[in-house]
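First up is the structure itself, then whatever we jot down about it.
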There are 2 protein chains.
Amino acid sequence: MAVLTSVSLSELGAGLPENHPLRGPTRTSPLVAAALGESVDRTPVWFMRQAGRSLPEYRATRGDGDMLEACFTTEMVTEITLQPIRRHGVDAAVLFSDIVVPLKAAGVDVTIKKGVGPVMGSPVRDAAGVAAIGELGDVSAITAAVRQLTAELDDIPVIGFCGAPFTLASYLIEGGPSREFAHTKAIMWSQPELWSSLLERLTKLCGQFLREQILAGASAIQLFDSWAGALSPADYITSVLPHSRALLDSVADLGVPRVHFGVGTGELLPFMAVPECEVVGVDQRVSLATGIERIGSNHSVQGNLDPASFFAGAAEVQRQAAQIVRAGAAARGHIFNLGHGVLPQTDPDQITRLVEWLHQQPPAEAD
Amino acid sequence: MAVLTSVSLSELGAGLPENHPLRGPTRTSPLVAAALGESVDRTPVWFMRQAGRSLPEYRATRGDGDMLEACFTTEMVTEITLQPIRRHGVDAAVLFSDIVVPLKAAGVDVTIKKGVGPVMGSPVRDAAGVAAIGELGDVSAITAAVRQLTAELDDIPVIGFCGAPFTLASYLIEGGPSREFAHTKAIMWSQPELWSSLLERLTKLCGQFLREQILAGASAIQLFDSWAGALSPADYITSVLPHSRALLDSVADLGVPRVHFGVGTGELLPFMAVPECEVVGVDQRVSLATGIERIGSNHSVQGNLDPASFFAGAAEVQRQAAQIVRAGAAARGHIFNLGHGVLPQTDPDQITRLVEWLHQQPPAEAD
């Protein structure tokens, strides 16, 4: 990573307002630099679900309240997003939110059930169901939080995010979380027009939501196609990837780095490395070295410590992290992260210790 | 598959009693022939979980009774195992059982909770927990069922099975089903001696159980390492595969074909193709063509229709099945199956139609 490589975004921050942090303090942050393949003085680190149930202060703030209500409460979003910055000193703040937030804001009957996940009032399996998904409604509570956060965080970037069309479609079609995605795949295979109309609708909705987050101050965004790994490469390429590309492309004019992420995507990495993103996330099921080979040299990578490592003690965490930092040196740029989200039972001190350790390491040199 | 290739087992049926079906009627069955890479006049087909909740006659037989009790009731096991043979005309009967049956027979406090899966009275996370797993107790109700089945089924092979040491260990350590396997991996990484002692104990126990099933009449066995796909190749190779090999090897002297199966194992297939098995199972996340490339020409393959395809209508099922049959021609031998188990909500008529269609196809020729 010693060589300054070219920026993949044609015009960084091109479509952003003058006072956007990416045109100021976050431009030279390790996160943005690594995303663009520029040289860094340390490997940036943040964690998916860093703002969440592993933190006692999160549990205290949230109490027994409703998850989606919390996601639409400015003070709650701001406070929870800041908690891991204060505690762990990570290099980016990821907005406290959920991938179904834009669905809620589009009038979809969705709740987040404790211990289950997002549950729909009724599954979406026909044209009427697709038509009932409205435009993005009021998300001003969320954009207000992003503005507060960027003001407070100065040179620490805020990462906005949304779910990818496939992953959101799977929740809508199944009516909730799934392991097998039977109805989702059935519609994908046997009703291609219905499928396309749903994914196009979601692409538009999520594009609007991403745009709002970016214009309010997010310096990078991440697309979560969490369940894409359930698909064969052929199905992914034909029926899913074009929609994800359209979504990523829809915010290209704004010029912020875009991370493309999924779980169990070892087979899909070569295809996820599209020109419409700057960074590809790698989960823990492949070694980062293998992931980098598959992603190639036109993208930076993010990942890929196993979230389970925090249960094995600090020595084991450091052993695995060191391996990942070394492997990351072969990439255009490397953002340290987990392969998936922080598990709720994780001891937060383990996370803090890892961040401290990572910040003491010199950026790795390619072998 | 037109060429008769050599048998990978050094002595087929070597250790079996004279009256064992593999020394008689099942020897020339399409299933056994395909497993050994011999020429077949049709592609054999069976389905994981073919004897299960998709069948109304299964639900009627089981009623509200306890799952593990059913697994230890001879008449129940025999009847349920036969149901998909009668209805679908599949080419093999897979014993109605569960991977935790040998644990139950070894005195472990395990129940199968409806809608959840296997749940342990207390998780096994220390040496005392490992020591409390006894020897294989009385499985005579099960072996009696195997004997009844083989007598009735004549030239249709009965497939016995057991869980692989890793997958069983994950249930024991987590205390139930898991998505993240945090405690399992933590012990694997940080307590290698405890890990080895647990997996060795399970290897011995499952080896005893497989032996009982084979001696009672099973003409083939399958090792279910269902959750191996949660591991990186490095961890799999170091901490898991040696135990699976030892287990498969422990019944080598009997000389029945052995299938090695897991879910989400695309990355692991080259390593799962060990000399101690004749067939490697391929799940639906990789194309069968890719699976065969990774497995090589010393093994037959089994798979890999997506269980979700049955929800997309007969035309789509046949389209996908035809692709799989064509791809299978490149393998040493091909046993048609799903990539994972039949889903409970599957329309059983779809399964029957697929079997009829498959049986009308000539065996595919390699391109």
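The values are calculated or read from the model by the stated rules, or taken from the named source; none is laboratory data. Source: prediction; values computed, not measured. Quick reminder, even Gly has a Cβ in these numbers, built from the backbone with ideal geometry, and neighbours come from all protein chains shown. In case anyone asks, the SASA skips ligands and DNA or RNA and just uses the protein heavy atoms, side chains included. Shrake-Rupley method; radii C 1.70, N 1.55, O 1.52, S 1.80 Å.
One table, with the values for the structure above:
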read-out	value
Among A:164, B:234, B:325 - extreme Cα towards positive end, dipole of the protein assembly as shown, charges at beta-carbon	A:164
Per-peptide average of other Cβ atoms within 10 Å, ordering B:325-335, A:346-356, B:205-215 highest first	B:325-335, B:205-215, A:346-356
Under-5 Å amide H pairs with residue B:163, H placed in peptide plane, nonlocal only	B:224
Within the stretch A:9-360: Cβ-based charge dipole about Cα centre, in debye rounded to nearest 20 (Lys, Arg +1; Asp, Glu -1)	500 debye
Residue mean of other protein chain beta carbons inside 10 Å, A:265-272	2
Peptide ranges B:80-90, B:155-165 listed from the most packed, as the mean C-beta count within 10 angstrom indicates	B:155-165, B:80-90
Percent breakdown of C-alpha pair distances by 5 Å bin, ordered from the shortest bin, for the stretch B:238-367	2, 11, 20, 21, 18, 14, 9, 5, 1
Copies compared at residue A:344 - label distances in nm, ascending, label defined 7 Å from Cα in the Cβ direction	2.2
The protein assembly as shown - mean residue ellipticity at 222 nm from DSSP helices (-39,500 (n - 2.57) per run, n ≥ 4, rounded to 500)	-12000 deg cm²/dmol
Whole-number percent relative contact order across the stretch A:49-108, with pairs defined as alpha carbons under 8 Å at least 6 apart	33 percent
Residue A:305 long-range amide H proximity, modeled H, under 5 Å	A:337, A:338, A:339
Förster radius 45 Å - calculated FRET efficiency between residue A:271 and residue B:253, Cβ distance, rounded to 0.05	0.45
Accessible carbon and sulfur surface of the stretch A:9-360 relative to its total accessible area, %, 1.4 Å	49 percent
Leading residue at positive end of dipole, the stretch A:9-360 (Cβ point charges), from A:196, A:301, A:284	A:284
Inter-chain Cβ neighbour average for residues B:181-188, partner chain, 10 Å	5
Chain A: Cys lacking any partner C-beta under 4.7 angstrom	A:71, A:277
Cross-link reach list, aspartates and glutamates versus residue B:185, counting only Cα pairs under 20 Å and skipping chain neighbours closer than eight places	A:283, A:306, A:316, A:347, A:349, B:126, B:174, B:193, B:200, B:225, B:235, B:267
Rounded to whole Å, sorted largest first: equivalent-ellipsoid semi-axes of the stretch A:1-144, Cα gyration tensor	32, 22, 14
The protein assembly as shown: Rg to Rh, with Rh as the Kirkwood radius over Cα pairs	0.98
Electrostatic dipole magnitude of the stretch B:119-188 [Cβ: Lys, Arg +1; Asp, Glu -1; Cα centre; debye, to 20]	340 debye
Electrostatic dipole magnitude of the protein assembly as shown [Cβ: Lys, Arg +1; Asp, Glu -1; Cα centre; debye, to 20]	160 debye
Chains B and A together, accessible area buried on both sides, 1.4 angstrom probe, square angstrom	2600 Å²
Crossing angle, helix B:192-216 versus chain B [Cα axis fit, 0-90 degrees, rounded to tens]	50 degrees
Accessible area per residue, Å², chain A with all protein chains present, probe 1.4 Å	35 Å²
Compactness of the stretch A:9-360 as Cα Rg over 2.2 N^0.38 Å, two decimals	0.92
Averaged over A:284-290, number of beta-carbon atoms from partner chains that fall within 10 Å	4
Charge tally in the Cβ shell below 11 Å around residue A:228, where Lys, Arg are +1 and Asp, Glu are -1, residue A:228 excluded	-3
HN-Hα J in Hz across the stretch B:149-163 - Karplus 6.51, -1.76, 1.60, θ = phi - 60°, x for Gly and Pro	5, 5, 4, 6, 8, 6, 8, 8, x, 9, 9, x, 7, 7, x
Taking the stretch B:9-360 and dividing mean pair separation by its residue count, relative contact order in percent (alpha carbons under 8 Å, at least six apart)	22 percent
In nm, spacing of pseudo-spin labels at residue A:131 and residue B:193 (7 Å Cα→C-beta vector)	7.0 nm
